[in-house]
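Data first, discussion second: the structure below is written as structure tokens.
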Amino acid sequence: MNAGTRKAGTHSNPKQPLNAARPGDAAKRRNGRRPATGAAGASAGVPGGQGSSPIRSGTQRRIERTVYVLLLPLFFLGYKFVTLQGLRDRAPNAGGSSAQTFMRRQELPTRRAEILAADGTAMAVTLDEYTVCANPRAVRDKDKMARLVAEALGGAPQEYLNLLQRTEKADGSPNFYVRLARHVDEARVQKLRDRMKPLPDEKRAVRALRRKFWEPISFEAAPRRSYPLGDFASQLIGFTTSAGAGADGLEWAWNSDLSGAPGEVVSQVDARGRPVPGFVQERRDARAGRTVRTTIDPEIQADTDAAMRELVRRFKPNFASAVVLRPRTGEIVALSNAPSFDLNKRPRDVVQLATNHAVSFAYEPGSTFKIITAAAAVENVPDWKSRSFFCNGVQRVGRHDMHCWVHSTSQQRHGDEDLSESIRDSCNFGVYGFARLAGAPTMLDYARRFGLGERIEIAGLRSAPGLLSGKPEGWSAEQLANFSFGQGMLMTPLQLARVAGAIANDGVMMKPLLVRELRDEEGRVLQAWKPQAERRVVKPETANIVRAMMERVTREGTAREYAFVPGYRTAGKTGSAQKAEGRKGYARDKFISSFVGFVPSRQPEFVILVVADEPKGSHWGSEVCGPAFAAIAKNAMLHLRLREGTAAPAPAPELMKLPAKVASRQ
């Protein structure tokens, strides 16, 4: 009953809501007291428990909504930061990531150093050129951009437009980088930069539009290799690849020194490919290359190149090569090959033309080898001065008939020939007779002494070692005869020049010297090479005797009409070697013509070798190569006199008159 009474008392007015204010509540609020709520009301789940009111509940909801509105952007920014941080920390080349979109590795190019002649003349230099780049996705008016770039740089606007339209890579990802033009010189780059500059009276708004328009264009330094002297010593200097690495010649041999080491900057870029300030991850500065200073005399080299061109013009050989060296120092002052080519305009057959035959062509030297036979006979045949051998033009040697070159002329034979006459007349049977007296082991030993069969280390260039037979004890008479006059072995033009150099230098062979110094970018010498004797080959008196024999060749022998140098006595040896054709033997109509000698004949200043492969019209070494020797020697002595004055050998007046036959040819 009590409970029912409480229910009836509580809900005496059925239309009154449960949470409606009772009549006395307003008075209590006016008196500063809040109406009490019973425990029963709270436990029954009546809203607004603990004194809750409609006004307070609405305020809380507004505050919560405001907090949510303020926190949402903060959560979004935090998410983006974490995402970008993760991309930045990821490896740029990680498979499947888009890190490369936001990271860029930019190479800092180094400047390739110069190759210089002995006097500092530049033979290979680096020119400042640029690559013009663009962000194709940031170019709005591509037609206008292509037209303006073409007006400044040259070329067809359509070509630039095609590049600017490459907004995607092959895999479909965004492309932010294209190269519009490569190898652009400073003048054209400046012309384009001038177009990008604002005009003096340009309004601010127009200036902003101009800056926005040109913003996608950038310039990258792209140095280009250049050869100021064109076809000067092209096979010796060599050239570089399109990437700037040495491909041949000195450019290849000294590539690591010349090229230096490029630097690198790793940076974060925005969606347009622009570096983000303050986000440089790594920087490594470039190291400049080292300048190579050679022993090449530019004047003598130019004269030697000209002599080779003239030889090729007249006799049309497959190629012609020449070596000019200083016998007392081993310095190579000229190394020439023809046909040649302009290093700045390389032809399609550059691989064939670029071969440096002077150091890589191994061939049978023929009669020029006879100076080694003479040196071996002088030192190993005690009575060589009183010995002589008869040349009948044809002689049975072993099981074969062998011929001396004279047999093909009207003279038919040489008759009795001592050693000096055999060298003067280049008699095959004379030198063979002395080779028999010296013996096959001695002949092979002297060939090795003079450096045959060993590879010459010459400034890192690709050189051939030649070839020598290994067991002379088993040689037949034919083999010894062939060997005595330059068949049955292989040697390079440079090796033959060193043989003559040892004779000219009193029997001492010098190491060939082609590179004199390495310098840094400020001109300081980092490393230097000096003349160095390699070994003594023959006695000084032997060298003097052989020099006198070689002097007879140019004064009264096979080269007297062709190797004349006004004012100076010369010494030399001719060679006209038949070319071997494998097992078929020797070709009847293919020869390698050569001439090796020095000037002056006493206290020589220059050793000069000229060789021509398969000349047409004549194959005699004296006729084909002798005039080239004479032209090179004449100019070399003239340059020496101009440079050293009275310290250089003076021309003798009695030796200035041209021989009658030489005068008639000129």
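The values are calculated or read from the model by the stated rules, or taken from the named source; none is laboratory data. This one's a predicted model, so the numbers in the text were calculated from it and none came from an experiment. Cβ placement follows ideal geometry from the backbone for every residue including glycine, while neighbour counts extend to all protein chains displayed. Just the protein is used for accessible areas: all its heavy atoms, side chains included, with ligands, DNA and RNA removed. Shrake-Rupley method; radii C 1.70, N 1.55, O 1.52, S 1.80 Å.
Which of the strands (runs of 3 or more DSSP E) found entirely inside region 356-446 contain at least 2 residues meeting this: at pLDDT 95 or above and of a type in the set (Phe, Trp, Tyr)?
Details: elements: 389-391, 394-397, 400-403, 415-417.
Filter on region 356-446 gives 389-391.
Among the residues examined, Gln578 qualifies as closer than 27 Å to Phe361 by Cβ, open to solvent by 60 Å² or more (accessible area, probe 1.4 Å), of a type outside the set (D, E, K, R) and in contact (Cβ under 8 Å) with a residue 12 or more places away in the chain.
Modelled with pLDDT of 95 or more, assigned to a strand (DSSP E or B) and more than 30 Å from Ala150 (Cα to Cα): is that true of Arg283 in this structure?
Numbers: modelled with pLDDT of 95 or more: no; assigned to a strand (DSSP E or B): yes; more than 30 Å from Ala150 (Cα to Cα): yes.
No, not satisfied.
Taking Gly366, is it farther than 21 Å from Ser618 by Cα and open to solvent by less than 20 Å² (accessible area, probe 1.4 Å)? Lay out the reasoning, then the answer.
Details: farther than 21 Å from Ser618 by Cα: no; open to solvent by less than 20 Å² (accessible area, probe 1.4 Å): yes.
Here the answer is no, as Gly366 does not meet what is asked.
Taking region 395-446, which residues are of a type in the set (S, T, N, Q) and within 51 Å of the chain's Cα centre (by Cα)? If you could, list the steps in order and put the result at the bottom.
Filtering region 395-446 for residues of a type in the set (S, T, N, Q) gives 395, 408-412, 420, 422, 426, 428, 442.
Listed by number, the residues that qualify are Ser408, Thr409, Ser420, Ser422, Ser426, Asn428, Thr442.
Of the candidates Asn255, Asn318, Asn337, the single residue that is of a type outside the set (Val, Ile, Thr) and within 23 Å of Gly523 (Cα to Cα) is Asn255. When restricted to residues that are under 25 Å from the mean Cα position of the chain (by Cα), among the hydrophobic types (A, V, I, L, M, F, W, C) and surrounded by 14 or more Cβ atoms within 10 Å (Cβ to Cβ), region 507-540 contains 5.
As a summary of the residue check, Ser340 satisfies the conditions (1) over 30 Å from Arg309 (Cβ atoms); (2) small (Gly, Ala, Ser); (3) open to solvent by 20 Å² or more (accessible area, probe 1.4 Å) except for the one numbered (1).
Within the option set Ala528, Ala497, Ala504, being touching a Leu at 6+ places or on another chain (Cβ under 6 Å), of a type in the set (Gly, Ala, Ser) and at pLDDT 95 or above holds for one residue only, Ala497.
Within region 239-252, residues that are part of a strand (DSSP E or B) have Cβ atoms under 9 Å from residues that are basic (Lys, Arg) and modelled with pLDDT of 90 or more in these pairs: Thr240/Arg112; Thr240/Arg225; Gly246/Arg112, counting only partners at least 6 apart in sequence or on another chain. If you check Val525, Val553, Val508, Val538, which single one turns out to be in contact (Cβ under 8 Å) with a residue 60 or more places away in the chain and more than 30 Å from Pro653 (Cα to Cα)? When all the criteria are applied, what remains is Val538.
Each residue in region 464-502 was checked for being open to solvent by less than 40 Å² (accessible area, probe 1.4 Å) and charged (D, E, K, R), and 2 pass.
Checking the stated criteria, Val394 turns out not to satisfy the condition of being out of contact with any His (no Cβ under 6 Å at 6 or more places or on another chain) and farther than 15 Å from Val611 by Cβ.
Criterion applied to Val596, Val624 was being under 34 Å from the mean Cα position of the chain (by Cα), assigned to a helix (DSSP H, G or I) and touching a residue at least 12 places away in the same chain (Cβ under 8 Å), and the one residue passing it is Val624.
Look at Ala587 and say whether it is of a type in the set (A, V, I, L, M, F, W, C) and more than 19 Å from Ala362 (Cβ to Cβ). So Ala587 does not fit the description; no.
The rows are residues; the columns are (1) over 30 Å from Thr355 (Cβ atoms); (2) surrounded by fewer than 16 Cβ atoms within 10 Å (Cβ to Cβ).
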residue	(1), (2)
Ala150	yes, no
Ala181	yes, no
Leu199	yes, yes
Glu215	yes, yes
Phe239	no, no
Gly246	no, no
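Would you pick out the residues in region 403-417 that are surrounded by fewer than 19 Cβ atoms within 10 Å (Cβ to Cβ) and out of contact with any Cys (no Cβ under 7 Å at 6 or more places or on another chain)? If you could, list the steps in order and put the result at the bottom.
So in region 403-417, the residues surrounded by fewer than 19 Cβ atoms within 10 Å (Cβ to Cβ) come out as 403, 407-413, 415-416.
Listed by number, the residues that qualify are His403, His407, Ser408, Thr409, Ser410, Gln411, Gln412, Asp416.
Would you check if there is a residue in region 280-290 being within 30 Å of Asp141 (Cβ to Cβ) and surrounded by 12 or more Cβ atoms within 10 Å (Cβ to Cβ)? Within region 280-290 (the criterion being within 30 Å of Asp141 (Cβ to Cβ) and surrounded by 12 or more Cβ atoms within 10 Å (Cβ to Cβ)), the answer is no, since none of the residues qualifies.
Of the residues that sit in region 369-394 and are among the hydroxyl-bearing types (Ser, Thr, Tyr) and open to solvent by 50 Å² or more (accessible area, probe 1.4 Å), which one is nearest to the chain's Cα centre (by Cα)? Give the derivation first.
Here is the first cut: in region 369-394, the ones among the hydroxyl-bearing types (Ser, Thr, Tyr) are 373, 386, 388.
Then drop every residue that is not open to solvent by 50 Å² or more (accessible area, probe 1.4 Å), which leaves 386, 388.
Working: Ser386: 56, Ser388: 54 Å.
For region 369-394, the residue satisfying everything is Ser388.
Taking the condition open to solvent by less than 20 Å² (accessible area, probe 1.4 Å) and farther than 30 Å from His400 by Cβ, does Ala563 pass? Here the answer is yes, as Ala563 does meet what is asked.
Scanning region 122-148 for residues that are open to solvent by 10 Å² or more (accessible area, probe 1.4 Å), within 29 Å of the chain's Cα centre (by Cα) and more than 22 Å from Ala245 (Cα to Cα) turns up nothing.
Being closer than 30 Å to Phe176 by Cβ, open to solvent by less than 60 Å² (accessible area, probe 1.4 Å) and modelled with pLDDT under 90 is true of Ala222. In the set Glu581, Glu614, only one residue is on the phi > 0 side of the Ramachandran plot and out of contact with any helix residue (DSSP H, G or I) (no Cβ under 8 Å at 6 or more places or on another chain); that residue is Glu614.
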